[in-house]
Amino acid sequence: MFLAIIVSSLASGPVARAAMPQYAGWNLQFGDDFDGPAGQLPSATHWRFDTGQNYPGGPPNWGTNESQTYTKSPANIGLDGSGNLRITPRRDPQGHWTSARIETATDTFRAPEGGVMRIETRIQMPDVTGKTALGYWPAFWALGQSYRRIGNWPQSGEFDIMENVNGINSVWGILHCGVSPGGPCRETNGLGRRASCLITTCQAAFHTYTFEWDRRAKPGQLRWYVDRKLYAHVSQNQLPADTWKEVTGQGGYFLLLNVAMGGGFSYAMAGGHSTPVSTTEPGHAMVVDYVGVWTRVGPSEAH
């Protein structure tokens, strides 16, 4: 598939911290290993905070009927002193939920002409399942630059690289595009697939989630991996030419990390019941070991 000089093995059990991978032939464009003292906020050079319940002027409840208010409080987000970032939902005595959401300051991540871009993270999802997990919605994703400028979702494009909900042992890799509802990406569902985490569940251990945008392949390809195993892809010829151009013609993408509570996805996967519920247990963190973006130009590898 692809060569990693530094690779963590799931077979040897969960490792709380792994070095930022170095991939032969790839150039690191962005990397955060989340090193620093416990309680420190993530790098202001790398990340900006989203706070409240919407972007200024944007749709309420982040456009998906989420319950939480995002903060930049160390109670909700911070380094753990062991090379990880933790995003932790909390519930106050009145039942109000808080959590955190950050996005990269850079919004120019894109595949080079004749090349490929890889976006990757190593994450342990909140370690909570069943009725106590209802409403948890951790995610690592990317939005097109034009969304930051004019808020034109889903025309801006969205790559869901790691999306999970309600403590289910699955990851969803999804492309959002075109118009909503309906359109070529069947909004609001998007195009993509789900996969289970193997050996250990997504909640019980760290797993690696990777997205590739390949401009070398003919037709162009978008690919999703869990633990470096391909499980989903969207090809250029699956979309109308103008839609593919919208998605890939962005000036770039920015990355986001967050743990939402409730929202449309959780509602759907809970069988049409609102979440979170009274049994939902606060305080379970999404733990992020690293985030990296790499590019390369050259002939395609075998996948």
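The values are calculated or read from the model by the stated rules, or taken from the named source; none is laboratory data. Just so it is clear, the structure is predicted and the values come from calculations on it, not from any experiment. With ideal geometry, Cβ positions are generated from the backbone for all residues, glycine too; neighbour counts draw on all protein chains shown.
Filter the stretch 72-128 down to residues that are among the aliphatic types (A, V, I, L, M) and in a loop (DSSP other than H, G, I, E, B) and give me whichever is nearest to the chain's Cα centre (by Cα). Checking each candidate, the answer is MET125. Taking the listed residues ASN166, ASN152, the one that is farther than 20 Å from THR69 by Cα and not hydrophobic (A, V, I, L, M, F, W, C) is ASN152, with no other qualifying.
Checked against the criteria, GLY39 counts as surrounded by fewer than 14 Cβ atoms within 10 Å (Cβ to Cβ), over 20 Å from the mean Cα position of the chain (by Cα), part of a loop (DSSP other than H, G, I, E, B) and modelled with pLDDT of 95 or more. The residue pairs whose first member lies in the stretch 82-93 and is among the acidic types (Asp, Glu), whose second member is surrounded by 17 or more Cβ atoms within 10 Å (Cβ to Cβ) and in a strand (DSSP E or B), and whose beta carbons are closer than 8 Å, counting only pairs six or more residues apart or on different chains, are ASP92/THR98. Just one residue in the set ASP127, ASP160 is touching a residue at least 12 places away in the same chain (Cβ under 8 Å), farther than 20 Å from ALA232 by Cα and among the charged types (D, E, K, R); that residue is ASP127. Please work out if GLY135 is at positive phi and out of contact with any Pro (no Cβ under 8 Å at 6 or more places or on another chain). No.
Note on the stretch 42-51: residues that are assigned to a loop (DSSP other than H, G, I, E, B) and within 20 Å of PRO138 (Cβ to Cβ) amount to 3.
Of the residues GLY81, GLY57, only one is small (Gly, Ala, Ser), out of contact with any Cys (no Cβ under 9 Å at 6 or more places or on another chain), at pLDDT below 95 and surrounded by fewer than 18 Cβ atoms within 10 Å (Cβ to Cβ); which? Answer to the selection: GLY57. In the stretch 250-270, the residue that is farthest from the chain's Cα centre (by Cα) out of those that are among the hydroxyl-bearing types (Ser, Thr, Tyr) and assigned to a helix (DSSP H, G or I) is TYR267. On inspection, TRP213 fails the criterion of being hydrophobic (A, V, I, L, M, F, W, C), closer than 18 Å to GLY114 by Cβ and touching a helix residue (DSSP H, G or I) at 6+ places or on another chain (Cβ under 7 Å).
Scanning the stretch 52-71 for residues that are in contact (Cβ under 8 Å) with a residue 60 or more places away in the chain, within 18 Å of SER266 (Cα to Cα) and assigned to a loop (DSSP other than H, G, I, E, B) yields a count of 4. Looking across the stretch 247-264, the residues that are among the small types (Gly, Ala, Ser) and either over 19 Å from PRO112 (Cβ atoms) or modelled with pLDDT under 95 (or both) come down to ALA260, GLY262, GLY263, GLY264.
Those residues that are in contact with a His (Cβ under 9 Å, 6 or more places away or on another chain), of a type in the set (A, V, I, L, M) and within 25 Å of LEU85 (Cβ to Cβ), I need them from the stretch 210-258; list them, please. Within the stretch 210-258, just VAL226 meets the criteria.
When each of VAL288, VAL247, VAL234 is tested for being buried (at least 20 other Cβ atoms within 10 Å of the Cβ), without any contact (Cβ under 8 Å) to a residue 60 or more places away in the chain and within 22 Å of the chain's Cα centre (by Cα), the lone residue that passes is VAL234.
Picking from residues in the stretch 132-158 that are within 8 Å of the chain's Cα centre (by Cα) and among the aromatic types (Phe, Trp, Tyr), the one that is nearest to HIS96 (Cα to Cα) is PHE140. GLY114 passes every criterion in (1) more than 20 Å from TYR209 (Cα to Cα); (2) buried (at least 21 other Cβ atoms within 10 Å of the Cβ) apart from (2).
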